[in-house]
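One structure below.
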Amino acid sequence: MNGPADRRAPATHSGHRGLVMEEPLIFEQGAAGRCGVDLPEPGAGGDRLGGLARKGPIGLPGLSEPQVVRHYVRLSQKNYSIDAGLYPLGSCTMKHNPRLNEKVARLPGFADVHPLQPVSTVQGALELIHTLAHWLKVLTGMPAVAMSPAAGAHGELCGLMTIRSALEAKGDARERVLVPDSAHGTNPATAALCRYRVDAVPSNARGRIDLAALKQKLGPDVAAVMLTNPNTCGLFEDEVLEIAQAVHAAGAYFYCDGANFNAIVGKVRPGDLGIDAMHLNLHKTFSTPHGGGGPGSGPVVLCAELAPYAPLPYVVHGKDGFALVETASDQSSAGEGRSYGRMRSFHGQMGMFVRALAFMLSHGADGLRRVAEDAVLNANYVMAQLKDDMSVSYPAPCMHEVLFDDTFLKDTGVTMLDFAKAMIDEGFHPATVYFPLVVQGALLTEPTESESKESLDRFIGSLRFLARQAKAGDAGRFINAPRLAPTRRLDETRAARHPVLRWRPPDPAEAAE
Ligand SMILES: *Cc1c(COP(=O)(O)O)cnc(C)c1O
């Protein structure tokens, strides 16, 4: 039995389960000629399309308004979200997004301005960008920040392009970038995109970068070292000062992947660690919503030496108020640096800037520090509670996330993927699995500061139960998981190799058979 019916949960007459509705595609529901609105017939207008007018029907589904509303509400009810429950991904920081942020981001003075408006009409919006930039510099202890990058990966690109520009300006062509083997995939991808050769540095038995191996790989052809701190094993790189020293002694720049800044915000300033450039994920550290392809925001803080090469445009404050430096000639007439140009069309993700500043100002200095402390405390609580039932990869205090490997599943017939799928039946989004690659069968989870002890206890209880069931020989629970979700385990290989991305109307010949 491999048909689609096999992937569905146990049959009901309607296909619905409890009050969760089975929902066909919107195209499968449409009927020709049905419409949700009553529009007047278009008047006779001239044809301005020349020979380019469409010849056939457009193929939109015909639906009434209630059908459309129900369709999207039913889909939304199947969509697990941070507002519905704990979202235990590791390396992604899925935390509560305060409603206050949403409220201020929707104020018309922020939400309805256009990037091409005259700057005299958007002084408040520019002031907000400038103020947020100020606090990012204060929190990181860095003198400059590029605000425009649209995500963490985009920030990495900005950082390495800035480093490349600075090196080229010195006539110092370097061709290698060192990246630890535990790094997020965006790090080597970014270095490769900037035409650098990526050289992986191994981790040591403590889950940190191997300092001796790093020193050995450093040389006059190394442009930068990209380090994540806290790293993707959830550990603080405690030799970071020595790393910075070695990197600088080799004439290279020290790039930090700051996606995990939420674990140290208010506690450590990256500028004090010798870091030259670091992106911040506003959508991880400062609570702006993300996931599902939603907008991210990845400002990059820079040391004084790199600052002149930062991308355009940027906000400046002078005696006439706030202004944008938008072109190379603006920049040279201001007697400033030599930017490599733009990373994107305009100055960045305005809505995310508003949310991030709202989060910072509502928390204050003490609150932001507490964000880091509680995130770390919660991860260590999860580790302490589960250490006897699951295998903790690096059994020492962790930072904001905890890494398990699949040793505890040895000889159970259950893989870490099966285990993650069984979490769905328990009402949890699966944790991150098989990342980072430095341990066998990884499960990485980050509870964040926004979970209560009760919520953590329910999560811990479920994972403990699942670990014990696996060890007790109940492999069936896992291999067929999820059993209770509207859609059962997918054939992921087939989905990846033969993705069906487009709906086509059923072939009338086939339908007549
Ligand atoms: C999330 C993440 C990134 C990439 O950030 P995006 O905003 O998703 O592009 C890079 N590195 C690490 C360690 C991350 O966790």
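Below, the figures for the structure above:
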quantity: Of all residues making up region 27-64, the number that are surrounded by fewer than 10 Cβ atoms within 10 Å (Cβ to Cβ) and part of a helix (DSSP H, G or I); calculated: 3
quantity: Single residue of region 210-254 satisfying the filter (of a type in the set (Val, Ile, Thr) and under 23 Å from the mean Cα position of the chain (by Cα)) that is farthest from ASN187 (Cα to Cα); calculated: THR232
quantity: Index of the failed condition, THR487 passing every other in (1) under 17 Å from GLY427 (Cα atoms); (2) of a type outside the set (Asp, Glu); (3) more than 28 Å from the chain's Cα centre (by Cα); calculated: (3)
quantity: Residues of region 155-194 satisfying the condition of being free of Cβ contacts under 8 Å to residues at least 12 places away in the same chain and under 25 Å from the mean Cα position of the chain (by Cα); calculated: GLY185, ALA192
quantity: Residues of region 443-461 classified as touching an Asp or Glu at 6+ places or on another chain (Cβ under 6 Å) and surrounded by fewer than 18 Cβ atoms within 10 Å (Cβ to Cβ), total; calculated: 0
quantity: VAL433 vs. criteria in contact (Cβ under 8 Å) with a residue 12 or more places away in the chain and either within 23 Å of GLU373 (Cα to Cα) or open to solvent by 40 Å² or more (accessible area, probe 1.4 Å) (or both); calculated: no
quantity: Residue among ALA263, ALA252, ALA259 that is crowded, with 23+ Cβ neighbours inside 10 Å, modelled with pLDDT of 95 or more and more than 20 Å from LEU178 (Cα to Cα); calculated: ALA263
quantity: Counted residues, region 174-225 - those being within 16 Å of the ligand (Cβ to nearest atom), under 24 Å from ASP405 (Cα atoms) and of a type in the set (S, T, N, Q); calculated: 4
quantity: Flag for ALA277 being surrounded by 24 or more Cβ atoms within 10 Å (Cβ to Cβ) and more than 12 Å from the ligand (Cβ to nearest atom); calculated: yes
quantity: Condition broken by LEU132, with the remaining ones in (1) touching a helix residue (DSSP H, G or I) at 6+ places or on another chain (Cβ under 8 Å); (2) open to solvent by less than 10 Å² (accessible area, probe 1.4 Å); (3) within 16 Å of the ligand (Cβ to nearest atom) satisfied; calculated: (3)
quantity: Region 91-119: number of residues that are under 20 Å from SER345 (Cα atoms) and either polar (S, T, N, Q) or within 16 Å of the ligand (Cβ to nearest atom) (or both); calculated: 1
quantity: Single residue of region 137-156 satisfying the filter (among the aliphatic types (A, V, I, L, M) and open to solvent by 40 Å² or more (accessible area, probe 1.4 Å)) that is farthest from the ligand (Cβ to nearest atom); calculated: VAL138
quantity: Filtered residue count, region 401-415, keeping only those that are under 17 Å from LEU386 (Cα atoms) and buried (at least 21 other Cβ atoms within 10 Å of the Cβ); calculated: 7
quantity: Unmet requirement for GLU492, which otherwise passes all of (1) within 23 Å of the chain's Cα centre (by Cα); (2) surrounded by 13 or more Cβ atoms within 10 Å (Cβ to Cβ); calculated: (2)
quantity: Which numbered condition GLU242 fails, given (1) open to solvent by less than 50 Å² (accessible area, probe 1.4 Å); (2) assigned to a helix (DSSP H, G or I); calculated: (1)
quantity: Search result, residues across region 309-338 that are in contact (Cβ under 8 Å) with a residue 60 or more places away in the chain and outside any strand (DSSP E or B); calculated: TYR309, ALA310, PRO311, PRO313, ARG338
quantity: Counted residues, region 281-306 - those being buried (at least 24 other Cβ atoms within 10 Å of the Cβ) and more than 10 Å from the ligand (Cβ to nearest atom); calculated: 9
quantity: Some residue of region 173-183 being of a type outside the set (Val, Ile, Thr), under 17 Å from GLY298 (Cβ atoms) and assigned by TED's automatic domain parsing to the domain that holds HIS290; calculated: yes
quantity: Scope region 251-264; condition under 19 Å from LEU89 (Cβ atoms) and either part of a loop (DSSP other than H, G, I, E, B) or charged (D, E, K, R) (or both); matching residues; calculated: ASP257, ALA259, ASN260
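To keep it simple, each residue is scored yes or no on (1) touching a strand residue (DSSP E or B) at 6+ places or on another chain (Cβ under 9 Å); (2) under 28 Å from ARG74 (Cα atoms); (3) at pLDDT below 95.
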site: GLU454; (1), (2), (3): no, no, no
site: ASP457; (1), (2), (3): no, no, no
site: SER462; (1), (2), (3): no, yes, no
site: ALA472; (1), (2), (3): no, no, no
site: PRO505; (1), (2), (3): no, yes, yes
site: PRO508; (1), (2), (3): no, no, yes
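The values are calculated or read from the model by the stated rules, or taken from the named source; none is laboratory data. Just so you know, these numbers come straight off a predicted model, no measurement behind them. A quick note on method: Cβ atoms are made from the backbone with ideal geometry, for glycine too, and the neighbour counts reach across all protein chains shown. Remember, those area values only see protein heavy atoms, side chains included, never the ligands or the DNA or RNA. Shrake-Rupley method; radii C 1.70, N 1.55, O 1.52, S 1.80 Å.
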